[in-house]
Structure formats: C-alpha cells, structure tokens
C-alpha cells in the first residue's frame, strides 16, 4: 500500500472544491474545504453535526469547533477560517435540521461513510487532472504542506495535528527534493 502525498499546488486543491460547487455539489465542496482547511481526520469530520459549526439563531457559522478526536481521544479546538465559514453559509440547511450531520447521506439520516468521502475526493481529484493518488488523508496532509511552504513552523503543525513528535509531522509534510532545492536557492539570494 502506497503512502498518500499532499496536493502541493494550492490551485489544484482550490479547483477541486470549485468544481464541486460549479456542479451544484455543495456538500462535496464543503467536504473538500473542511478536509483542506481544518487538518482534521476524515473520521472526525464526518461525525460533525450542523450545530457544532453553525449558530441557527444568528444564522452565522461559528468561529471554532471543539471535538474529541476519535483516534487520540484528545480535545481539539479548530478555528474555522473565512473560506470554511463562507462555505458553511452557502450550504446551511433550514433551522429544522440543526442536529443533522454536516455531511449527511442523501439517502439516509446518517453521515456519508468514509468510503463515500474517499470516492468523492478521489473522483474530484481525477476530474481536475490530479494524477497522483489522492485520498481524504491527502487533503489533511495538504493543509500542513501548504502551511509549511508559507512559513508556518513545523512545531506549530505538530500541535495542530496533535502528533506525538516532529518526526511524524515531517513525514506528513512530504518534503521533496524540489522543496530542498528551493531552500538552497533562496539561501544563495541572501548571502
């Protein structure tokens, strides 16, 4: 079994959620946005309900979600950035559905399955021309890779991911030879 890699081009990740949105697949667009912008595991994303992320009295998305991670059992508070909150506003259901799953199955009252989430993400990645194997976990890794490329310290990413060590986070980042070459190139411009 091969290890999934992050999507290294932010335009490809953006193209994925825009494709779903343009197709009228708002739930799928929101799923991709949540995966890329929160760095949560798919098992934690799929258990979220609307009242975890949206205030139906004020009709506004919340700024934070708090949850207990399924894998680690640790509490995690996640800031919902403007992209996530805008997507929540677009897809928000009527207040009668406050307790519904955020990523509700179209045929049942439960959330979509992990397999269905994988199918949505894999197919969307193929449709926008991403050739590498893309999974739900790829999008979690994409968060860290793009944050790291934009100057975020790996030490902070260890905390965001709730990893046990920097070594685990380093593997997540999927650093390539091109990334290392870029650092050497930038250093030559400084000295």
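Laboratory data are not the source of any read-out in this text; all were calculated from the coordinates shown. All of these numbers come straight from a predicted model, not from anything done at the bench. Cβ atoms come from the backbone with ideal geometry, glycine included; neighbour counts cover every protein chain shown.
In table form, for the structure just shown:
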item	result
Computed [θ] at 222 nm, helices only, for the chain once each DSSP H run of length n ≥ 4 contributes -39500 (n - 2.57)	-16000 deg cm²/dmol
Acute angle (nearest 10 degrees) that the helix 136-149 long axis makes with the longest principal axis of the chain, alpha-carbon atoms	50
GNM flexibility winner over the chain from 131, 97, 57 (Cα, springs under 10 Å)	57
Using alpha-carbon coordinates, inclination of helix 10-22 to the longest axis of the chain, degrees	20
Alpha-carbon centroid distance for the pair the stretch 16-74 / the stretch 150-167, whole angstrom	21
GNM result for the chain, Cα springs below 10 Å: residue of 71, 149, 47 fluctuating most strongly	71
Area projected by the alpha carbon convex hull of the stretch 32-116, averaged over all directions, nm²	5.6
Crossing angle, helix 26-38 versus the chain [Cα axis fit, 0-90 degrees, rounded to tens]	40
The chain: most fluctuating residue of 11, 162, 81 per GNM, C-alpha cutoff 10 Å	11
Spin-label pair residue 186/residue 98, simplified geometry with 7 Å Cα→Cβ offset, distance in nm	4.6
Reciprocal of mean inverse Cα separation for the stretch 118-188 (Kirkwood radius, Å)	13.5
Computed Rg/Rh of the chain, alpha carbon atoms with Kirkwood Rh	0.99
